[in-house]
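Please treat every number below as a calculation from the coordinates, not as lab data. Since the structure is predicted, the reported quantities are computational estimates derived from the model, not experimental observations. Heads up, the Cβs are rebuilt from the backbone with ideal geometry, glycines too, and the neighbour counts pull from every protein chain shown.
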Amino acid sequence: MRQKICQLCTVDFTLYHLLHPLMRALRDEGHEVVGVCADGDLIRHVRNDNFRVETLPLARSSNLARNWRAGRALRTLLRREAFDILHVHTPAAAFVGRLAAAGTGIPRVVYTAHGFYFHENMPFPGRQAHIAAEWIGGRFTHTLMTQSEEDAQTARRLGLCRTGDILSIGNGSDPGVFKPTTDHTARASVRARIGTPADRVVILMAGRLVAEKGYNELIAAMGRIDAELWAVGNRLESDHAAGIDDTMRTIAANPALSARIRFLGYRDDMADLMRAADIFTLPSHREGMPRSIIEAMLTGLPVVATDVRGSREEIVDGETGFLVPVRNVDALANALRRLVKEPKSRLRMGAAGLARARRLYDERLVLDRQLDHLGLRKG
């Protein structure tokens with residue numbers, strides 16, 4: 001039966017980069033899909049794919065007044081549209097959306113937790129506050145899907161879905177886009193455009209320019225490594241996390257560092273950049289189930305990441321890369337330096353990661369799990 005489905009998230013970045021493939025899969029099954037998020041430039045890509053996107057004053061914020069206004073606007077939209085399914089994503093939109101849906105008559109509210117905001121490295125008071133918010137939201141949730149199995153187990157233990165319908169769906173990317181290459185000319189062309197010598201070892205990092213992504217530790221580690229760093233990402237306008245201004249000043253004041261560290265900003269050619277790099281790293285303080293690691297593995301890159309939720313589920317330590325403690329510059333530098341100095345290890349771990357990613361993290365598997373569990377297949 002054809003369903004009318006709302007895909008709700010906070011910002012346009014999430015709608016375009018994370019939810020667009022799901023919206024396409026649902027449309028392919030014959031359903032009507034409407035995206036809802038705060039206004040932003042990336043919405044045009046989704047609209048150009050013939051999806052309707054409604055914008056509301058949603059924000060990545062715990063400000064009660066802002067969330068109250070967003071909730072009122074969303075409640076009006078939900079009543080007007082009469083959706084069959086409300087599917088919410090990201091902490092702020094998920095909390096506001098589930099409360100706004102109460103009493104609107106929506107038959108099914110689904111929440112995908114792309115990584116709970118609370119985590120083991122968070123101070124106890126903040127952690128408990130976020131758990132409480134998730135528990136409250138769970139009173140209005142029919143189905144809770146997590147990306148990592150660790151989050152699913154946590155949700156079951158804490159009772160974060162009133163029905164108990166909790167499923168780990170994993171995460172994935174498109175192996176037709178992220179794949180290895182033997183085209184050395186294309187690889188050299190990417191490097192030339194950036195200004196990187198063809199024979200230099202390149203470490204690639206992708207993430208918002210905030211401290212919790214581990215940039216401070218990574219830059220400190222780079223001072224001990226004979227390699228170049230490409231850092232892809234920017235700071236979102238909606239970011240409230242601490243920035244890396246002091247680290248940026250340190251780089252600018254050190255010619256030896258500034259010559260080897262390149263901040264590339266937001267890019268839409270990540271697959272090409274990965275094929276032109278040698279190592280991928282993600283030294284975050286917290287994660288959900290990072291897609292960037294999966295994309296790197298699909299490209300055949302070894303990965304060095306911190307031992308946090310999600311990352312430790314994707315990486316097999318010592319086989320597809322290395323896991324290091326959070327905020328540990330020494331361990332991060334040692335792991336990266338080993339891969340920089342050992343090209344055979346890079347190839348061996350990259351090949352193992354590629355095989356693992358193709359087996360477990362094909363985007364189609366993640367989409368199929370959702371369609372099957374929600375009963376949204378044709379016929």
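Shown in residue order for region 92-101 are the 3J(HN,Hα) couplings computed by the Karplus curve 6.51 cos²θ - 1.76 cosθ + 1.60 at θ = phi - 60°: 5, 5, 5, 5, 4, x, 5, 5, 5, 6 Hz (x for Gly and Pro). Here the peptides 311-318, 280-287 are ranked by packing, the mean other Cβ count within 10 Å, and the order with the highest first is 280-287, 311-318.
Which of the peptides 219-228, 136-145 is most tightly packed, and how do the rest follow, judged by the mean count of other Cβ atoms within 10 Å per residue?
Ranked from most to least packed, the peptides come out as 136-145, 219-228.
The packing ranking of peptides 292-304, 353-365, 91-103, highest mean first, is 292-304, 91-103, 353-365, where packing means the average number of other beta carbon atoms within 10 angstrom of each residue. Pull up the cross-link candidates among the aspartates and glutamates for Lys344, meaning alpha carbon to alpha carbon under 15 Å and not fewer than 8 places away within one chain. Here the aspartates and glutamates satisfying the reach criterion relative to Lys344 are Asp278, Glu319. For the chain, DSSP calls about 0 percent of its internal beta bridges antiparallel. Straight-line reach from Lys378: taking Cα to Cα under 29 Å and skipping same-chain neighbours fewer than 8 places apart, the lysines in range are Lys4. Size descriptor for region 184-360, Kirkwood hydrodynamic radius: 16.0 Å (Cα pairs only, one decimal). The Cα center of region 113-175 and the Cα center of region 316-379 differ in position by 22 Å.
Express in nm, to one decimal, how much length is gained between Arg193 and Asp245 on full extension, taking 0.36 nm for each residue of separation and deducting their alpha carbon distance.
Separation in residues times 0.36 nm, less the Cα-Cα distance, equals 16.1 nm.
Residues whose amide H lies under 5 Å from that of Leu56, counting only those 5 or more places away or on a different chain, are Cys37, Ala38, Asp39; hydrogens are built 1.01 Å from N in the peptide plane. The Kirkwood hydrodynamic radius of the chain, based on inverse pair distances between different Cα atoms, is 21.6 Å.
Put simply, the C-alpha atoms of region 74-190 give a gyration tensor, and the ellipsoid matching it has half-axes of 33, 21, 13 Å, longest first.
Near the amide H of Val324, within less than 5 Å, lie the amide hydrogens of Ala305, Thr306, Asp307, all on another chain or at least 5 residues away, with H placed in the peptide plane.
Near the amide H of Thr299, within less than 5 Å, lie no amide hydrogens of residues on another chain or at least 5 residues away, with H placed in the peptide plane.
Principal axis extents of the Cα atoms in region 268-379, from largest to smallest and rounded to whole angstrom, are 55, 27, 26. Among Pro123, Val340, Thr146, whose Cα projects farthest towards the positive end of the dipole of the chain, with charges put on the beta-carbon of Lys, Arg (+1) and Asp, Glu (-1)? Looking along the dipole axis, the top candidate is Thr146. Roughly what % of Cα-Cα distances in region 127-225 sit above 23 Å, to the whole percent? When all Cα pairs of region 127-225 are counted, 58 percent exceed 23 Å.
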